[in-house]
1. Over the chain, what portion of Cα pair distances is larger than 38 Å, expressed as a whole percent?
2. Rounded to the nearest 0.05, what FRET efficiency do VAL210 and ARG632 give with R0 = 45 Å and r taken as the Cβ-Cβ distance? Could you check?
3. Would you mind checking which residues have amide H under 5 Å from ALA443's amide H? H placed 1.01 Å from N; only 5 or more apart, or other chain.
4. In whole angstrom, note down how far apart the Cα centers of the range 354-409 and the range 546-576 are.
5. Under 5 Å between amide hydrogens, which residues at least 5 positions from VAL558 or on another chain qualify, with H placed 1.01 Å from N in the peptide plane?
6. Determine the calculated [θ] at 222 nm for the chain from helices alone, applying -39500 (n - 2.57) to every DSSP H run no shorter than 4 residues and normalising by the residue count; nearest 500 deg cm²/dmol.
7. Rounded to whole Hz and in sequence order, give me ³J(HN,Hα) for the range 51-61 from the Karplus expression 6.51 cos²θ - 1.76 cosθ + 1.60, θ = phi - 60°, writing x for Gly and Pro.
8. To the nearest 0.05, what FRET efficiency results for TRP15 and ARG163 with a Förster distance of 25 Å applied to their C-beta separation?
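Only the coordinates and a few stated rules stand behind these numbers; no lab work does. Quantities reported herein were computed from a predicted structural model and do not represent experimental measurements. Counting neighbours? That spans all protein chains shown, and the Cβs are built from the backbone with ideal geometry, glycine included.
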Amino acid sequence: RVLGGAGVLLALAVWALLQGGHLTTGTIDGTESSRAVALVRGAAAGSNDQTVAVIFHRDDWTTDEPRFSQAVASVLARVERLPEVESVVSPVGAPPAFRARFVAKTGHDLLALVRLKGGEREATAAFPTVREALEDPRFQTTLTGKVAFVAALNALLEHDLLRAELLSFPLALLVLLWVFRTAVAAMLPLVVGGLAVLCGVAGVLLLSRVTNMAQYTLNVVSLIGLGVAIDYSLFIVSRFRAELSAGLTTEQALMRTLDTAGRAVAFSGLAVAVGLAGLLFFRGSYLSAMGLGGALVVAFAVLFALTVLPALLSWLGPRVDKGRLPFSRGAGRGGLWHALATWVMRHPWWVLLPTLTLLLAMGLPFRRLELAATDITALPADTEARRGAETLARLFPREAAARVLVAVRFPSGEAFTPERAGALYDASRRIASLPGVVGVESAVDLVPGMDRATVQQLAGAPLQALPPELRAARAAYLTGNVAVMQVLTSEAPSSREARDLVRTLREDRAVGDGRLVVGGQTAADVDATAFVKHHTPAAVAFVMGMTCVVLFVLLRSVVLPLKALLMNLLSLAGSFGALVWIFQEGHLRRLLDFEPGPIEPSLPILLFCALFGLSMDYEVLLLSRIREEWLRTGDNTHAVAEGLEQTGGLITSAAAIMVAVFAAFSLASVVVVKAMGLGMAIAVALDATLVRVLIVPAMMRLMGDLNWWGPGHSAHSKHLPAQGRAREETP
């Protein structure tokens, strides 16, 4: 019945996968930058998020030849007829002043702007159709802009996900074969991992139809789901085989396994889910949906590990050891952990101080953390969208300049009355004088050198009396009671100077009787960073508090949960420091093939919530086994040494699997996925070696019986044997 139910769930997951979903780059609702974009939606010169920049190039034609213009006009006419296209702007047939902006000095390149209908999701869906319509054998066409960037990013994320899964399964299988030395036992965790990831991805696609779900949520879900599902299965299969080796029947071994390793898996899954639930504090953003997707795949991993896997083990019984490999584990492996455990118990200070120093030193670069949203530099250098951006910057620097969107909203009526036009003129000149600003484009900046009086005079003139180009420009920069300004800056969008410009613009919002709102890429960075910083304390407090509760229920100790929090923070510090050192400061950039830059704002909190729970896997496994031994003997030192000896190999094997899975994702083309995979691999490696195998046993040795202090400490001593009871009752 269990396997039949799993089959039904698998069929539903396949159906959901075939239906697909609606994934985005990830947005945050309610920020000032998003309000600015909403205000200018009716203006052609508003947000450029749905605009595709098209560069037409031909070596043997020049842009002043009629055949060049005629060929471009025919291509754009075909594109303009598409139902997905809202408007097309090009220099073909335009006045000389306007044409000069869109024709490169090379004489062989021409720029056109194609604006797509709808929001980001609709524009991205329409991009392949528009791209195909722009293809013409007469030209070399290069497309760039946010829509092109998002389309390329989505394609790369899908490719990275497929490649990572194709790599991670064989790598995990190799580690499992090394651990189990039998083919049947090694395949079981992969079956559970595949089921968990498949159902988790299907759940994310279904959720994306009702909530804002970022594209790389699929990568996160696969990353976490595969790692935890294989780890949980490893714990259960290892314990089952150990119980069979001890002479128990299949039924007895299975009951004993679920009572011990099964309990640890349930608590581990709860700890991971609690960690990911911390992302739910970021309501109104893609992070909350990502946390929901992550918790969902962990729930599937626990479900299949505690139902499907026991059903398979019950059916297999001793046949779980079938397919034994020709090489043996090798003598002395158990002795290695016994020797290490004995050495740690004898020299706790010599173990604790150097390892603590190393982890703290690794965490120091995190103090230099800088945050900025993923931009086009996250794409590989050979991607069309990135090549197009670099070509645009070289040939059309004004059009490629970073823009800060300023939307001026007036209380009512038209935005371009003479009085309001004067206020807009004053605001434009004030903004133009700010450091880093190289120009302002607006309804009051149509003609260079125009004074305030002339602007007010034009504002009072009937629209029909204006020249065609001024009528078109006014329509582009005005929509109802909102006036649009595009502030051009020489600074990079993710630079500190650009963010300072956004903050300066927001300090003085008054424009006559209206108020300005600031948007654009840099403003979105500022808002995203502020959003994450505002909600992080509550999320961190929740994760740490609930983790303490889960560990207290499991261990019945007040001290051990607090120690576990400290250990998690240590491994996270080392991982975060390495993240800044590598991806922000650019060390290993050639080896890992990426462009260094600020860290994506969501990455640290995402890693914190995911890794805080994942770190509990090994803590729960180690401390559960230590507690078993302590309840049996009442000897803390013996219990710690025995727990480390019994679980050290399993912990390092499980970590090796997780590191292999995460390392496969670190080979991604997209920097944010590469950073996530490598960051998690480093954290797990540190956690399973320095922290759980060295620091935790050394601290528990030094703390002695204080480890087990908690409410009811004396009360439960009656369950201990005489030796343990005597130790508890001794003052």
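1. Working: 123906 of 266815 pairs.
Looking at the chain, the distances longer than 38 Å represent 46 percent of pairs.
2. Working: r = 50 Å, r/R0 = 1.12.
So, using R0 = 45 Å, E works out to roughly 0.35.
3. Result for ALA443 returns VAL484.
4. Using only Cα atoms to place each centre, the spacing works out to 34 Å.
5. Excluding prolines and chain starts, which carry no amide H, the hits are TRP709, GLY710.
6. Numbers: 28 runs with 451 residues, N = 731.
Estimated from H runs of four or more residues: -20500 deg cm²/dmol.
7. Ordered by residue, 3J(HN,Hα) equals 9, 9, 8, 10, 9, 8, 9, 8, 5, 9, 10 Hz.
8. Working: r = 25 Å, r/R0 = 1.01.
Efficiency computed from Cβ-Cβ geometry: 0.50.
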